[in-house]
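Undergrad: Below you'll find the structure I mean.
Values quoted throughout were computed directly from the atomic coordinates according to the rules given, and no laboratory measurement underlies them. Because the structure is predicted, anything quoted here is derived from the model rather than measured. Virtual Cβ from ideal backbone geometry, glycine too; neighbours counted across all protein chains shown.
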Amino acid sequence: METDITEKIKPVIRYSLPLILVIAAVLVFGIFKWNETKSVLDISDAKLTSSVVHVSSQSDGTLTEILVNDGDKVEAGQVIAKVKVITTPQQIEALQKACDEAQANYDNLEQQIKNSVTSQTVVSTAPSAGDIAAAQARVDAAAAQAQKMSKLYSIGAVSATQYTEAQSEYSAAQAALSAASAPRQVTQEVSSAPSKELSEALASAQVQLEQAQAALKQAQSDENYADITAPVSGIVYLTNFKQGDSLKENDVLLNIGNTKNLWVEAPLTEEQYNKVHPGQFVNYTVDDLNLTGTVLEVTHTDDSDNSLITAARISFPDDMMDKVTPGSTVQVKITLDK
């Protein structure tokens, strides 16, 4: 037997419907009042902006290759150009000095090895503490310089010659410390094999000598080339330099827009400038991505024509920086307080 529930639900409908209408009216009124207190500023010609890193030649030379095109995306450490380096007489002299020192260290250790084999190296006096301290100080200074040059070379801030000089000096300092710590005085004849320390020091000195000789030979040759690497990941912006051009030290070969440091730059009129302030919420679209951010700062500067330029700098999410292209046009909506 079926039960007709129509009569039962009529009271529910009768009393619920007015309540639903009241709630709907309150929501509409709330939205209306919210819209009254908020307005949106639309800007269609904003730009996705990045910090720019200049990539410069570290020495005089000739630009032999440019391995990237304008607008290419590159990774930090990527080789982007090659330069045939012109080595100065002063650099040759410094490399020759490093080579001579490495040779002297090697010869000294080699002689100590020979003396130990021919039974003439029983020590009665300890090495000079002053000599060891001086040699250690030289090692510490050379290590710090080598580390500094290694970092600078990795970002293209120094030439291969300067990097090699620092590494050679560090190797020479290590060999000098080994020599200063080695036995000095012969008191009687014995027959013994060279110590492990001397053997290791000689092997190290040989490597240092070979590196110094290679660096000198490279600098003296007509094939002294240096790789120019990208110091940061980003977008390439070429300059007027082209393959075959002569370069001077610190000439800017190209620029890289750092894709790890992006923000949105929105131009403002004077009227808009007075309405925009840091902390305001922003919706914007770039490269088909709908993103949100906040106003970081509002600038107000004079250009070369003495006219005021105002702009809003808007935050960009870190996790989206690899998905966009610096220089892209951005559609911006800034929520303003009335």
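Undergrad: Assuming R0 = 25 Å, can you tell me the calculated FRET efficiency for the pair Asp287 and Asn69, based on Cβ-Cβ distance, to the nearest 0.05?
TA: According to the calculation, E is roughly 0.80.
Undergrad: Separate question: Rounded, prolate or oblate: pick one for the stretch 241-338, where a ≥ b ≥ c are the square roots of the eigenvalues of its C-alpha gyration tensor, a/c under 1.5 means rounded, and failing that, prolate if a/b is larger than b/c, else oblate.
TA: On the way: a/c = 3.04, a/b = 1.53, b/c = 1.99.
The shape class here is oblate.
Undergrad: Right, here's the next one. Run the quick spin-label model on Gln111 and Ser195: label points 7 Å from Cα toward the beta carbon, then report their separation in nm to one decimal.
TA: 1.8 nm
Undergrad: Under a 5 Å amide H to amide H cut-off, with H placed in plane at 1.01 Å, what residues pair with Leu268 once short-range neighbours are removed?
TA: Those qualifying (amide H under 5 Å, at least 5 residues apart or on another chain) are Thr310, Ala311, Ala312.
Undergrad: While we're looking at this one, here's another question. Given H placed on each backbone N at 1.01 Å, which residues far from Leu247 in sequence or on other chains put an amide H within less than 5 Å of it?
TA: For Leu247, whose amide H was placed from the backbone, the distant partners under 5 Å are Gly61, Thr62, Leu63.
Undergrad: Checking the table Lys73/Lys151; Lys84/Lys260; Lys114/Lys217; Lys47/Lys242; Lys148/Lys248; Lys84/Lys151 against a 26 Å threshold on Cα-Cα, which pairs fail?
TA: On the way: Lys73/Lys151 23 Å; Lys84/Lys260 31 Å; Lys114/Lys217 29 Å; Lys47/Lys242 29 Å; Lys148/Lys248 23 Å; Lys84/Lys151 22 Å.
Distance filter (> 26 Å) returns Lys84/Lys260; Lys114/Lys217; Lys47/Lys242.
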